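Engineer: Just dropping this structure here.
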Amino acid sequence: MMEKKIRVLLFKPGLDGHWRGIMTVSKALSEAGMESIFFGFKTVEGVVEAAIQEDVDVIGFSVHSGAHLEWAQELVRMLEEKGVRGDFLLLVGGVFPEEDHNELRRIGMDGVFGPGTVTGDIVAFIREKLGRVEVG
Amino acid sequence: MKRMADLEEIRRGYEDWRKAKENWAERRESFHTDAGIPVKDLYTPLDTEGIDYLEDIGFPGQPPYTRGVYPTMYRGRLWTIRMFSGHGTPEETNQRWKMLYEEGETGFSAAVDSLTFAGVDPDQEVHGAAHEVGKEGVPLYSIRGVEAMVENLPIDRMSVALVVEPLTSAAITSMYFNVAKKRGLRKEQLAGTTQNDILTMTIGYIPWGSLKPADLLKLACDLIEYCTAMGEAPRWNPINFTTYNYREGGIDAVQEIGMGLANAVAHIDELLRRGWKIDDFVHRLAFHLSAHRDFFEEIAKYRAARKLWYRLMKERYRPENPDAYRFRFHVQTAGCSLTAQQPMVNIVRTAYQALEAVLGGCQSLHTNSFDEAICLPTEDAVRLAVRTQEVLQEETGVANVIDPMAGSYYVESLTRELEERIWEYFQQIEEMGGVVEALNTGWLFGEMSKAFNKRRRDQESGDEKVIGVNCYVLEGEEPTPPFRTNPRAADIERERLQDLRRERDNQKVGKLLDQLRKVCEARENVLPVVSELTAAGATLGEITSVYREVWGIWQLPFVA
């Protein structure tokens, strides 16, 4: 059965300029047949609006600034404000301590990916949670 | 006298040896360096054929400087232990610096937070900036921040590196000079470095709201012009071409140095275009290189880089000052080689990389702490990183002799090979119009993204081994207790700015900002007015807002 491609929106919140990680993930998701849109820097509000407009399945962001908890909270707050909290699978990646993983999940992140993540695991996670495999 | 074998005899011997081992299997089909240079099983005098000792290797402190830029190297003076450090607030950073000083650090280096890097104040409503105050480094938003950072530190006797890029280099450097002035020092006395690297801001670490490459180049050259050509701070290194930051993106040793040389040429040519003579400034240009995974290739890289800089100067610019031919560099061990898994292994990685830098003749060195793939380093971790350098200095004997790798058939051969490949890569950038053009077209970033995507594939396929990640994995590891930055940092810094805005002469600041606008429009050197601004208490965000307003923000060519 043909299904529509999984659409993923990726962005960097804030000012931090460590781009390598998220661009690598973006490329890997594209290679896996997903439609990956990398926004570069974007405000959380802008991202939520774009996610609604573009009808994406997944929102992911990358933090190397140590402000991962703050950004996760802000994203969830904004989704709630717009009344679309349950509409997207939420992913966060980057450099942060393992002991924060549970806190990130508690805040509302579905997938938490620290340093050393294999991109295949992110692909598998998205497919499993969305319950579908895209056909390229 | 004993008769020495000639090359023909060695060649025959080598062939015989190869035949004799024909039936011995090797563990891989082929071997190559990190940069993809094929590695033979054995190097002999045949591989250094044509390398002339006097012309190609020479003596330390003499052309072509392959063996080192100074005649005595570490026998005269050990390299500077310079730890890149900063967190929370300027006061906390000051405490950390004092601790490092007591532990034997001999130079300081300020790691700034993402706001300082991007030139944003915490009370500007930009992109939720306040979340990131003090998290990645020290917040330096005004002269008061810089003053608190260096309080009671012997800045007249120790050099300080300000790791900020062209967007904020004039502001932060002038804050530092103005603090020194308040302490009764003249800026002529100050030794130190501003990183001031355009490629860091455009392909390495690309902060929010970066300026266009040509405007960044202008700002970078303004600082070189002011400090060196105009003689305002003659002992200051007004730029440090930070090839380390591009290397961290995944490129190889050839690309690292090739991009570095092309970057330097862009600045030199811009200053010549402004009417300065090469001898007015070129002796103060410095570099900051990576120490990466491939041990021998990195050592050969440092040797090749020195030689190439000499060649560039001699063939193209011909300065009279002999110092201009010396390729001086700081080294940072490769952060991207560290893992969050089994972090103690990072101590071992860092020690080998530090040894590369020392065998390669660096002038100063930062060693990463073992927890840096997780968070900013704890005190214990950073102390151990300092000790790693002290073991090299005090216990190993490696600093007792100059360039001990010279004469190694392998290292000499690799030095020559790298030299050729780097020069070719550098020429390729030159032919497309130099780094500014290569940035505008997105070519340089394309090189970066090709490299980091390849590394990802190589690591995931296991072609590039990473211990703890794709081999020798340990299940059920205990998480490493992380270092946490001050959660009140944003409030503290906002208060610091509020006090400053209340106490300063706002009218004067306003007038000076108008003046800066005119200077930017006329594309004159920003340093004189920025110096006045920071002395009068203008904030970083106020200054960079003028740049952004006049010149506009760069639309990155690689983000669709």
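Engineer: For the list (1) open to solvent by 30 Å² or more (accessible area, probe 1.4 Å); (2) within 14 Å of chain A (Cβ to nearest Cβ); (3) in a helix (DSSP H, G or I), I need the number of the one condition that B:GLU91 fails.
Structural biologist: B:GLU91 satisfies every listed condition except (2).
Okay, residues lined up against (1) surrounded by 19 or more Cβ atoms within 10 Å (Cβ to Cβ); (2) in contact (Cβ under 8 Å) with a residue 12 or more places away in the chain; (3) within 14 Å of chain A (Cβ to nearest Cβ); (4) under 22 Å from B:ALA220 (Cα atoms):
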{"site": "B:LEU474", "(1), (2), (3), (4)": "no, yes, yes, no"}
{"site": "B:ARG504", "(1), (2), (3), (4)": "no, yes, no, no"}
{"site": "B:LYS518", "(1), (2), (3), (4)": "no, no, no, yes"}
{"site": "B:GLU521", "(1), (2), (3), (4)": "no, yes, no, yes"}
{"site": "B:GLU532", "(1), (2), (3), (4)": "no, yes, no, yes"}
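Engineer: Taking the stretch B:113-144 only, how many residues are under 26 Å from the mean Cα position of the chain (by Cα), charged (D, E, K, R) and either more than 9 Å from chain A (Cβ to nearest Cβ) or open to solvent by 10 Å² or more (accessible area, probe 1.4 Å) (or both)?
Structural biologist: So the answer is 3.
Engineer: Using the structure shown, decide if B:MET201 is among the aliphatic types (A, V, I, L, M), open to solvent by less than 10 Å² (accessible area, probe 1.4 Å) and free of Cβ contacts under 8 Å to residues at least 40 places away in the same chain.
Structural biologist: Spelling it out, B:MET201 is indeed among the aliphatic types (A, V, I, L, M), open to solvent by less than 10 Å² (accessible area, probe 1.4 Å) and free of Cβ contacts under 8 Å to residues at least 40 places away in the same chain.
Engineer: Which condition number does A:GLN53 fail, the rest of (1) polar (S, T, N, Q); (2) surrounded by fewer than 19 Cβ atoms within 10 Å (Cβ to Cβ); (3) within 14 Å of another protein chain (Cβ to nearest Cβ) being met?
Structural biologist: (3)
Engineer: Exactly one of (1) touching a helix residue (DSSP H, G or I) at 6+ places or on another chain (Cβ under 9 Å); (2) at pLDDT 95 or above is unmet by B:TYR205. Its number?
Structural biologist: (2)
Engineer: Report, ordered by the first and then the second residue, all pairs with beta carbons closer than 6 Å, sequence separation of six or more or different chains, a first member in the stretch B:479-492 that is free of Cβ contacts under 8 Å to residues at least 12 places away in the same chain and within 11 Å of chain A (Cβ to nearest Cβ), and a second member that is surrounded by 17 or more Cβ atoms within 10 Å (Cβ to Cβ) and not in a loop (DSSP other than H, G, I, E, B).
Structural biologist: Sorted first by the residue in the stretch B:479-492, then by its partner, the pairs are B:PRO479/A:GLU98.
Engineer: Which one is nearest to B:LYS450 (Cα to Cα) among residues in the stretch A:1-24 that are more than 9 Å from chain B (Cβ to nearest Cβ) and crowded, with 22+ Cβ neighbours inside 10 Å?
Structural biologist: Among them, the one singled out is A:ILE22.
Engineer: How many of the residues making up the stretch B:29-60 are over 25 Å from B:GLY13 (Cβ atoms), without any contact (Cβ under 8 Å) to a residue 24 or more places away in the chain and part of a loop (DSSP other than H, G, I, E, B)?
Structural biologist: Our first condition is that a residue be over 25 Å from B:GLY13 (Cβ atoms); within the stretch B:29-60, this holds for B:29, B:32-36, B:54-55, B:58-60.
Still in the running and without any contact (Cβ under 8 Å) to a residue 24 or more places away in the chain: B:29, B:32, B:54-55, B:58-59.
Imposing the further condition that a residue be part of a loop (DSSP other than H, G, I, E, B) reduces the set to B:29, B:58-59.
So the count comes out to 3.
Engineer: Still on this structure, I have one more. Restricting the stretch A:31-50 to residues that are within 11 Å of B:HIS127 (Cβ to Cβ) and open to solvent by less than 30 Å² (accessible area, probe 1.4 Å), which is nearest to the other protein chains (Cβ to nearest Cβ)? Quick ask: steps written out before the conclusion?
Structural biologist: Taking the stretch A:31-50 and keeping what is within 11 Å of B:HIS127 (Cβ to Cβ), we get A:41-46.
Restricting the remaining residues to those that are open to solvent by less than 30 Å² (accessible area, probe 1.4 Å) gives A:44, A:46.
On the way: A:VAL44: 7, A:GLY46: 10 Å.
Among those residues, the one meeting the criterion is A:VAL44.
Engineer: Residues in the stretch B:406-425: is at least one open to solvent by less than 60 Å² (accessible area, probe 1.4 Å), touching a Phe, Trp or Tyr at 6+ places or on another chain (Cβ under 8 Å), at pLDDT 95 or above and in a loop (DSSP other than H, G, I, E, B)?
Structural biologist: Yes - at least one qualifying residue is present in the stretch B:406-425.
Engineer: Follow-up. Which of the numbered conditions does B:GLU431 fail, given that it passes all the others? Conditions: (1) on the phi < 0 side of the Ramachandran plot; (2) at pLDDT 95 or above; (3) within 14 Å of another protein chain (Cβ to nearest Cβ).
Structural biologist: B:GLU431 satisfies all of (1) on the phi < 0 side of the Ramachandran plot; (2) at pLDDT 95 or above; (3) within 14 Å of another protein chain (Cβ to nearest Cβ) except (3).
Engineer: If you don't mind, another one. Would you check which residues across the stretch B:108-127 are aromatic (Phe, Trp, Tyr) and either assigned to a strand (DSSP E or B) or over 23 Å from B:TRP97 (Cβ atoms) (or both) and list them?
Structural biologist: Result: B:PHE108, single match.
Engineer: Now for a different question. Among the residues of the stretch B:518-538, what is the count of those that are of a type in the set (A, V, I, L, M), farther than 10 Å from B:SER174 by Cβ and in a helix (DSSP H, G or I)?
Structural biologist: Of the residues in that region, 2 qualify.
Engineer: Please determine, by comparing only the residues of the stretch B:442-470 that are exposed (fewer than 14 other Cβ atoms within 10 Å of the Cβ) and more than 12 Å from chain A (Cβ to nearest Cβ), which one is nearest to B:THR378 (Cα to Cα).
Structural biologist: B:LYS465
Engineer: Here's another thing I want to ask about it. Looking at B:ASN237, B:ASN321, B:ASN263 in this structure, which one is surrounded by fewer than 20 Cβ atoms within 10 Å (Cβ to Cβ), in contact (Cβ under 8 Å) with a residue 12 or more places away in the chain, of a type in the set (S, T, N, Q) and more than 14 Å from chain A (Cβ to nearest Cβ)?
Structural biologist: B:ASN321
Engineer: Tally the residues that are free of Cβ contacts under 8 Å to residues at least 40 places away in the same chain and either assigned to a helix (DSSP H, G or I) or under 21 Å from B:ALA535 (Cβ atoms) (or both), restricting the search to the stretch B:156-176.
Structural biologist: Number of matching residues: 2.
Engineer: State whether one or more residues within the stretch A:69-88 are touching a Phe, Trp or Tyr at 6+ places or on another chain (Cβ under 8 Å), over 18 Å from A:PHE11 (Cβ atoms) and charged (D, E, K, R).
Structural biologist: Scanning the stretch A:69-88, I find no residue that is touching a Phe, Trp or Tyr at 6+ places or on another chain (Cβ under 8 Å), over 18 Å from A:PHE11 (Cβ atoms) and charged (D, E, K, R), so the answer is no.
Engineer: Got at least one residue in the stretch B:478-492 being over 30 Å from A:GLY116 (Cβ atoms) and of a type outside the set (A, V, I, L, M)?
Structural biologist: Scanning the stretch B:478-492, I find at least one residue that is over 30 Å from A:GLY116 (Cβ atoms) and of a type outside the set (A, V, I, L, M), so the answer is yes.
Engineer: I'd like the residue in the stretch B:426-441 that is assigned to a loop (DSSP other than H, G, I, E, B) and touching a residue at least 40 places away in the same chain (Cβ under 8 Å) and, out of all such residues, is surrounded by the most Cβ atoms within 10 Å (Cβ to Cβ).
Structural biologist: Kept after step one, since they are assigned to a loop (DSSP other than H, G, I, E, B), are these residues of the stretch B:426-441: B:432-434, B:441.
If we keep only those that are touching a residue at least 40 places away in the same chain (Cβ under 8 Å) as well, we get B:434, B:441.
Details: B:GLY434: 17, B:THR441: 14.
Taking the candidates together, the pick is B:GLY434.
Engineer: Which residues, counting only those in the stretch B:272-293, are crowded, with 21+ Cβ neighbours inside 10 Å and either over 21 Å from B:ALA220 (Cα atoms) or of a type in the set (A, V, I, L, M, F, W, C) (or both)?
Structural biologist: Across the stretch B:272-293, the qualifying residues are B:PHE281, B:VAL282, B:LEU285, B:ALA286, B:PHE287, B:LEU289, B:SER290, B:ALA291, B:HIS292.
Engineer: Taking the condition of being open to solvent by less than 40 Å² (accessible area, probe 1.4 Å), within 28 Å of the chain's Cα centre (by Cα) and not small (Gly, Ala, Ser), how many residues in the stretch B:40-65 meet it?
Structural biologist: 5
Engineer: Of the residues in the stretch B:221-267, how many are among the hydroxyl-bearing types (Ser, Thr, Tyr) and either modelled with pLDDT under 95 or within 17 Å of the chain's Cα centre (by Cα) (or both)?
Structural biologist: The total comes to 4.
Engineer: Just to be sure, is B:GLY209 in contact with a Leu (Cβ under 9 Å, 6 or more places away or on another chain) and on the phi > 0 side of the Ramachandran plot?
Structural biologist: yes
Engineer: Taking the condition in contact with a helix residue (DSSP H, G or I) (Cβ under 8 Å, 6 or more places away or on another chain) and modelled with pLDDT under 95, does B:SER210 pass?
Structural biologist: The answer is yes for B:SER210.
Engineer: Could you list all residues from the stretch B:228-266 that are farther than 30 Å from B:ILE37 by Cα and part of a helix (DSSP H, G or I)?
Structural biologist: Listed by number, the residues that qualify are B:THR228, B:ALA229.
Engineer: Still on this structure, I have one more. What pairs come up if the first residue lies in the stretch B:292-313 and is closer than 30 Å to B:LYS465 by Cβ and of a type in the set (A, V, I, L, M, F, W, C), the second is open to solvent by 10 Å² or more (accessible area, probe 1.4 Å) and modelled with pLDDT of 95 or more, and their beta carbons are under 7 Å apart, counting only those six or more places apart or on different chains?
Structural biologist: Pairs that qualify, where the first residue is closer than 30 Å to B:LYS465 by Cβ and of a type in the set (A, V, I, L, M, F, W, C) and the partner is open to solvent by 10 Å² or more (accessible area, probe 1.4 Å) and modelled with pLDDT of 95 or more, are B:PHE295/B:TYR352; B:PHE296/B:TYR410; B:ILE299/B:LEU359; B:ILE299/B:MET405; B:ALA304/B:GLU419.
The values are calculated or read from the model by the stated rules, or taken from the named source; none is laboratory data. None of the values given here were measured: they were computed from a predicted structure. All Cβ positions, even for glycine, are placed from backbone atoms using ideal geometry, and neighbour counts span all protein chains on display. To get the accessible areas, we keep the full protein, side chains included, count just its heavy atoms, and leave off ligands, DNA and RNA. Shrake-Rupley method; radii C 1.70, N 1.55, O 1.52, S 1.80 Å.
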